[in-house]
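Here the structure is laid out as structure tokens; the discussion comes afterwards.
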Amino acid sequence: MPEATLDLIGCGSMVVDVFYRTPRIIAADEKILLQAHDRSGEVERRQVGGLVLNHLGWASILGMETGIFGKMGDDANGAFLRRGMDRFGIRQHLTLDGSASSFAAVFVDRHGNRAIYMCRGATGELRPSDVRGHHASFIKRARWISTEISQLPLRTVIAILTLARQHSIPTVLDLDLPPSDACALLGTRAEFERALRLATILKPANAAARELAGRTEDPLKMAAKLRARYGNEAVVLTAGAQGCAIVAEQVAVRVPAFKAKVVDTTGAGDAFLGAMVAGLRVGLAWPEVGRLANAAGAVCTTQLGAFPDRPELRSRIEKLYGGKLGTAQQLPKRASGATKDTPSAERGGLDDDLANFFDLCLKELGALRAKLDLAAIWRAADLIRAAQQKSGRVHVTGVGKPEHVARYVASLLSSIGTMATFLHATETLHGSLGQVHEHDVVIAISNSGNTAEICAAAIAIKEHGAALIAVTGDQASELARIADLTLTAPVEREGGRLGLAPRTSIMAEIYVLAGLSVALESARGLTVEEYGRWHRAGALGEAARRLAAARTAQRD
């Protein structure tokens, strides 16, 4: 009987956090008296902690089945941590052969600011051979793998990410240390760079992002720069009171933070990460993932410590987020070890995944139909027809997957008598703008409407004098702001196990632009004779000529 699949399995920091209250964070050569935590007079308080164990705890209270693997000591701190894992149902695949379990001294001032002194102990002793030899079977049970650059050796991080990639398991890398610290303590710069490139989703702390991205002040620009550099499917940057910035394919959004009465900022980023994976697991779109994660981070700051101390915190997160999350258990489970060659009878939840995707497509397109602005589509047709009267043409452009949509739409429009060509977005800034005349119309396609390349091309097109029609999922996007006319094609979820690859958004763009082609065909009064002349070969041309001949015979 195969063991159950787990939604999220993590490896990395498992730490006993020892908290102290202090009037302020002191500098070198200073001394200060500690304060009691409450009226009991208690000065020292121990709690479960550590980047990875913290975010697994927050993911657990949001309904995810979680697990952890790694090394700890057979000591009192280790026993304390394991009891904390048991309380939240975090499955354990641990060896107790480490020198000592990790602990940290955490000093928190009255404003919630903190200073942390860590002893990584056994966490820093986990080796790549341990990952491959002791934990590979456990790793294969995961839908998601999370790890960190904080306490683990970089070679071990690489081993975890590589093994996950070999089994097509998406990964989240929590980059807690800037490269100058990470490479001094955990490995080489080459290992650091390789680890970042292996991650599916990169979540850097603000200090790490600033060092890597050249200390720009804009979190969204930092995230975009890191994604371009390391090729991750997404980069998610937390920026405290500024909220978070998310850059993925066709997504570039800032999500504002929620206000909270701060007690302790320790672990807010860990709560964010746990909720982020939970949101992705239940299929939320990236902006909603950011809202949910920000809500968890805000709730975390209202308690002392980073680990969720009670299950009812979930209701507080959902209240702040503004909706019920649902549970990961309600979604189909991935069949452990299944491959593309697995017989249908053995695929289990994979067939459910596939069926759910097709159901989602119908749901998303149905929702889009209810929102469509038919008048806007007719205005776009009128704009194009007016350009044609001045000998203007249509150009269609996009970046990434929308580039392929643009090529198809240009071909479709040409086939019904609207002269159209494909325009390469990035080449527009390197000379291809010369193919556009001031009487032309350019259709620019982008789901997010904030992709840097398409927005830069749009500005150049407008300055050149041509008209611009935007097709985007976000009416408030930068592309929509630049355009003369916007056709919106919003979707909530992309579908698929990760919910990242553009699927339903591409369908929505084609759906809207196919509708525009119908409007142009009707406005032109396209005849079957014209259609047949333009299609000299193939089944379509033959069908058109037969229909034309039949109509002629009827008239005669």
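The values are calculated or read from the model by the stated rules, or taken from the named source; none is laboratory data. Remember, it's a predicted structure, so these values are computed and weren't measured experimentally. A quick note on method: Cβ atoms are made from the backbone with ideal geometry, for glycine too, and the neighbour counts reach across all protein chains shown. Note: areas computed on protein heavy atoms with side chains; ligands, DNA, RNA excluded. Shrake-Rupley method; radii C 1.70, N 1.55, O 1.52, S 1.80 Å.
Given (1) closer than 21 Å to L161 by Cα; (2) assigned to a helix (DSSP H, G or I); (3) open to solvent by less than 10 Å² (accessible area, probe 1.4 Å); (4) not hydrophobic (A, V, I, L, M, F, W, C), where does G70 come up short, assuming only one miss?
Of everything listed in (1) closer than 21 Å to L161 by Cα; (2) assigned to a helix (DSSP H, G or I); (3) open to solvent by less than 10 Å² (accessible area, probe 1.4 Å); (4) not hydrophobic (A, V, I, L, M, F, W, C), G70 misses just condition (2).
Given (1) surrounded by 12 or more Cβ atoms within 10 Å (Cβ to Cβ); (2) under 22 Å from L62 (Cβ atoms), where does A4 come up short, assuming only one miss?
(1)
Within the stretch 133-174, track down each residue that is closer than 23 Å to T188 by Cβ, of a type in the set (K, R) and in contact with a Leu (Cβ under 7 Å, 6 or more places away or on another chain).
R165, the sole residue that qualifies.
Within the stretch 235-252, how many residues are out of contact with any Ser or Thr (no Cβ under 6 Å at 6 or more places or on another chain) and either farther than 16 Å from V399 by Cα or among the hydroxyl-bearing types (S, T, Y) (or both)?
So the count comes out to 11.
Quick check on the stretch 363-396: of everything there that is at pLDDT below 95 and in contact with a Phe, Trp or Tyr (Cβ under 7 Å, 6 or more places away or on another chain), which residue is surrounded by the fewest Cβ atoms within 10 Å (Cβ to Cβ)?
The selected residue is L365.
Specify which of the listed residues (V282, V299, V399) is modelled with pLDDT under 90, under 27 Å from T472 (Cα atoms) and open to solvent by less than 80 Å² (accessible area, probe 1.4 Å). Can you show your working first?
Values: V299 fails: under 27 Å from T472 (Cα atoms); V399 fails: modelled with pLDDT under 90.
Sole residue among the options that is modelled with pLDDT under 90, under 27 Å from T472 (Cα atoms) and open to solvent by less than 80 Å² (accessible area, probe 1.4 Å): V282.
Taking M222 and the conditions (1) free of Cβ contacts under 8 Å to residues at least 24 places away in the same chain; (2) under 20 Å from the mean Cα position of the chain (by Cα); (3) surrounded by fewer than 23 Cβ atoms within 10 Å (Cβ to Cβ), which numbered condition does it fall short on, given that it satisfies the others?
Every condition holds for M222 apart from (3).
Of all residues being farther than 22 Å from T301 by Cα, among the hydroxyl-bearing types (S, T, Y) and open to solvent by 30 Å² or more (accessible area, probe 1.4 Å) in the stretch 96-132, which is modelled with the lowest pLDDT? Just the residue, please. Outline the logic, then answer.
Within the stretch 96-132, the first condition is being farther than 22 Å from T301 by Cα, and the residues that meet it are 96-102, 119-132.
Filter once more, so that each one left must be among the hydroxyl-bearing types (S, T, Y): 99, 101-102, 123, 129.
From the residues that got through so far, the ones that are open to solvent by 30 Å² or more (accessible area, probe 1.4 Å) too are 99, 129.
Working: S99: 92, S129: 95.
The extreme case among them is S99.
I need every pair where a residue in the stretch 76-94 that is at positive phi has its Cβ under 8 Å from the Cβ of a residue that is surrounded by 16 or more Cβ atoms within 10 Å (Cβ to Cβ), sequence separation at least 6 or different chains.
From residues that are at positive phi, the pairs are G89/S60; G89/E65; G89/T66.
Just a yes or no: is a residue in the stretch 502-510 modelled with pLDDT under 80 and either within 30 Å of G290 (Cα to Cα) or in a helix (DSSP H, G or I) (or both)?
For the stretch 502-510, residues modelled with pLDDT under 80 and either within 30 Å of G290 (Cα to Cα) or in a helix (DSSP H, G or I) (or both): absent.
Say we look at the stretch 461-477 and pick out the residues that are in a loop (DSSP other than H, G, I, E, B) and farther than 13 Å from A387 by Cα; which of these is modelled with the lowest pLDDT?
Here the residue is A476.
Anything in the stretch 229-256 that is assigned to a loop (DSSP other than H, G, I, E, B) and surrounded by fewer than 18 Cβ atoms within 10 Å (Cβ to Cβ)? List them, or say none.
The initial filter retains those residues of the stretch 229-256 that are assigned to a loop (DSSP other than H, G, I, E, B), namely 231-233, 239, 243, 249-250, 256.
Once the filter is applied, which keeps residues that are assigned to a loop (DSSP other than H, G, I, E, B) and surrounded by fewer than 18 Cβ atoms within 10 Å (Cβ to Cβ), the stretch 229-256 yields G231, E233, P256.
Residues are listed down the side, and each one gets a yes or a no for (1) surrounded by fewer than 23 Cβ atoms within 10 Å (Cβ to Cβ); (2) on the phi > 0 side of the Ramachandran plot; (3) in contact with a Cys (Cβ under 8 Å, 6 or more places away or on another chain):
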{"residue": "N447", "(1), (2), (3)": "no, no, no"}
{"residue": "I469", "(1), (2), (3)": "no, no, no"}
{"residue": "L485", "(1), (2), (3)": "yes, no, no"}
{"residue": "G496", "(1), (2), (3)": "yes, yes, no"}
{"residue": "A514", "(1), (2), (3)": "yes, no, no"}
{"residue": "R524", "(1), (2), (3)": "yes, no, no"}
{"residue": "H535", "(1), (2), (3)": "yes, no, no"}
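Given A4, A59, which one is among the hydrophobic types (A, V, I, L, M, F, W, C), in contact (Cβ under 8 Å) with a residue 60 or more places away in the chain and part of a loop (DSSP other than H, G, I, E, B)?
A4
If we keep just the residues of the stretch 431-447 that are under 35 Å from the mean Cα position of the chain (by Cα) and without any contact (Cβ under 8 Å) to a residue 40 or more places away in the chain, which is farthest from H404 (Cα to Cα)?
G431
Spot the failing condition for E494; the list is (1) in contact with a Ser or Thr (Cβ under 8 Å, 6 or more places away or on another chain); (2) without any contact (Cβ under 8 Å) to a residue 60 or more places away in the chain; (3) within 26 Å of A228 (Cβ to Cβ), and only one is missed.
E494 satisfies every listed condition except (2).
Is it true that L212 is surrounded by 22 or more Cβ atoms within 10 Å (Cβ to Cβ), at pLDDT 90 or above and either within 16 Å of the chain's Cα centre (by Cα) or among the aliphatic types (A, V, I, L, M) (or both)?
It is false that L212 is surrounded by 22 or more Cβ atoms within 10 Å (Cβ to Cβ), at pLDDT 90 or above and either within 16 Å of the chain's Cα centre (by Cα) or among the aliphatic types (A, V, I, L, M) (or both).
Listed residues T147, T200, T162; which is open to solvent by 10 Å² or more (accessible area, probe 1.4 Å), touching a residue at least 40 places away in the same chain (Cβ under 8 Å), under 30 Å from G283 (Cα atoms) and among the hydroxyl-bearing types (S, T, Y)? Walk me through how you get there before you give the answer.
On the way: T147 fails: open to solvent by 10 Å² or more (accessible area, probe 1.4 Å); T162 fails: touching a residue at least 40 places away in the same chain (Cβ under 8 Å).
Result: T200 is the single residue among T147, T200, T162 that is open to solvent by 10 Å² or more (accessible area, probe 1.4 Å), touching a residue at least 40 places away in the same chain (Cβ under 8 Å), under 30 Å from G283 (Cα atoms) and among the hydroxyl-bearing types (S, T, Y).
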